[in-house]
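Notes for the one structure printed next.
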Amino acid sequence: MTGPATTRNKATGGKDYGYGNARIRGMKSRLLDEAFMEGLIAAPDMNSLIQNLADTEYGPDLDEALIHGRTAASIDEALKNNLVRTYRKVQGFLNDEAGYIVSMLLGRWDIFNIKTVLRGKHMHLLAEEIAEGLLPAGALSRVDLDALTMLPDVKAVVDTAATWGLAYAPAMRGGYVAYMQSGELADLELALDRYYAQTAFAALTGRSANVRIARDILGMQIDTMNLVMVFRLQKADVESIKVDEFYLDGGRSISSDLYRELAHMSDVDEVLDRLKGTPYGLTLDQAVLKYLEENTISVFERALEDYHMRKALAVGRGDPLGIGVSIAYLWAKQNEITNLRIIVKGKSVGMPIDRVRGELILV
């Protein structure tokens, strides 16, 4: 994840923000609406769902994937392939500044995929099991990731990253040492998260409105990671843990002092009360009832991710000639794929319609 020290609005080949954003608006017009999603939810069976999707831009991806069977797994593969293809298409007509900013923000997918591979190796999963959880929307291709899934263990993944000269290989080596000492994969994952947060934040420099938008999106993502860690620490013996080691710099609203205060609070209610004065307070309050029902902090994690998604979508409503249009579309496309995958999974396991509908983010 490397790049120039600063960003400049320097379009090449006559491609400025106007050209790229016009293309993106055309692609945005083909996103599926809520009525279409409702039709998929109500589809009587998987074949009906496939037929409905086949009449959209997902048709070519479905044709290729369904050769292996008309199954939920094949549909899921088609959806992921479509997302990757769409992201690559968008990146192909962005100008220099937009391409650079987008590559920094999409770097989170490389970290997600590396962590998925490491978790799979730590749990001794088969390569094909690990591959099911991958989504090569960053710089690492499907071929790269498939090669990593075939490696024998965590050490081999770390060594291969160094052999390939990946930018985050040094962080992985340091994290691997901690992992070997503790036996906790979280130590290695933390090293990757810290690398991404520090590198992306440092790379997004300058005073342009485009850079400020990107830093806000990144900052909300880092805030989410820090708040999720706070909730996880609620179930741990904080007095025996150096909580500062888990804090990631670069957040938008969760400072190191606030993080430290939250991490030492006695229960979730106290944390939520303290967060009422932050941008995340209302979102987390609205998730309390579901948390009480399910008794898992993943409820708060999902609520924060939803908030981040909605904020990313909102940045496209401002300057029609800025980076917000690209960011909003890429996040909207991700949201659409996520919703479709939820519907497909729900259909395949017989999930009640109301529950499927409740899992979606409809914007």
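The values are calculated or read from the model by the stated rules, or taken from the named source; none is laboratory data. This is a predicted model, so every value here is computed, not measured. Cβ atoms come from the backbone with ideal geometry, glycine included; neighbour counts cover every protein chain shown.
Let me spell it out: the conditions are (1) surrounded by 14 or more Cβ atoms within 10 Å (Cβ to Cβ); (2) within 23 Å of Leu31 (Cβ to Cβ), and Ile353 meets all of them except one. Which number is the exception?
Only one criterion in (1) surrounded by 14 or more Cβ atoms within 10 Å (Cβ to Cβ); (2) within 23 Å of Leu31 (Cβ to Cβ) is unmet by Ile353, namely (1).
Looking at Ala314 and the list (1) of a type in the set (A, V, I, L, M, F, W, C); (2) surrounded by fewer than 16 Cβ atoms within 10 Å (Cβ to Cβ); (3) modelled with pLDDT under 90, which single condition is not satisfied?
That leaves (3) as the condition not met.
If you check Ser256, Ser298, which single one turns out to be modelled with pLDDT under 95 and polar (S, T, N, Q)?
Going through Ser256, Ser298 in turn, the sole match is Ser298.
Limited to segment 40-88, what total is found for residues that are among the basic types (Lys, Arg), in contact (Cβ under 8 Å) with a residue 12 or more places away in the chain and part of a helix (DSSP H, G or I)?
2
Is it true that some residue in segment 194-208 is over 23 Å from the mean Cα position of the chain (by Cα), assigned to a helix (DSSP H, G or I), small (Gly, Ala, Ser) and more than 24 Å from Leu83 (Cα to Cα)?
Taking every residue of segment 194-208 in turn, none turns out to be over 23 Å from the mean Cα position of the chain (by Cα), assigned to a helix (DSSP H, G or I), small (Gly, Ala, Ser) and more than 24 Å from Leu83 (Cα to Cα).
Collect the residues in segment 166-215 that are without any contact (Cβ under 8 Å) to a residue 60 or more places away in the chain, of a type in the set (D, E, K, R) and either touching a helix residue (DSSP H, G or I) at 6+ places or on another chain (Cβ under 8 Å) or farther than 24 Å from Ser103 by Cα (or both), keeping them in residue-number order.
Arg173, Glu184, Asp187, Arg194, Arg215
Could you list all residues from segment 129-146 that are of a type in the set (A, V, I, L, M), surrounded by 15 or more Cβ atoms within 10 Å (Cβ to Cβ) and in a helix (DSSP H, G or I)?
Those that are of a type in the set (A, V, I, L, M), surrounded by 15 or more Cβ atoms within 10 Å (Cβ to Cβ) and in a helix (DSSP H, G or I): Ile130, Ala131, Leu145.
Return only the number of the condition from (1) crowded, with 17+ Cβ neighbours inside 10 Å; (2) under 16 Å from the mean Cα position of the chain (by Cα) that Lys121 does not satisfy.
Single failed check for Lys121: (2).
Say whether the condition of being in a helix (DSSP H, G or I), without any contact (Cβ under 8 Å) to a residue 12 or more places away in the chain and within 20 Å of Gly18 (Cα to Cα) is met by at least one residue in segment 328-351.
no
Across segment 157-172, which residue is nearest to the chain's Cα centre (by Cα) among those that are closer than 19 Å to Ala147 by Cα and not aliphatic (A, V, I, L, M)?
Tyr168
Restricting to segment 259-274, give me the number of residues that are closer than 16 Å to Arg232 by Cα and part of a helix (DSSP H, G or I).
The number of residues fulfilling the criteria is 10.
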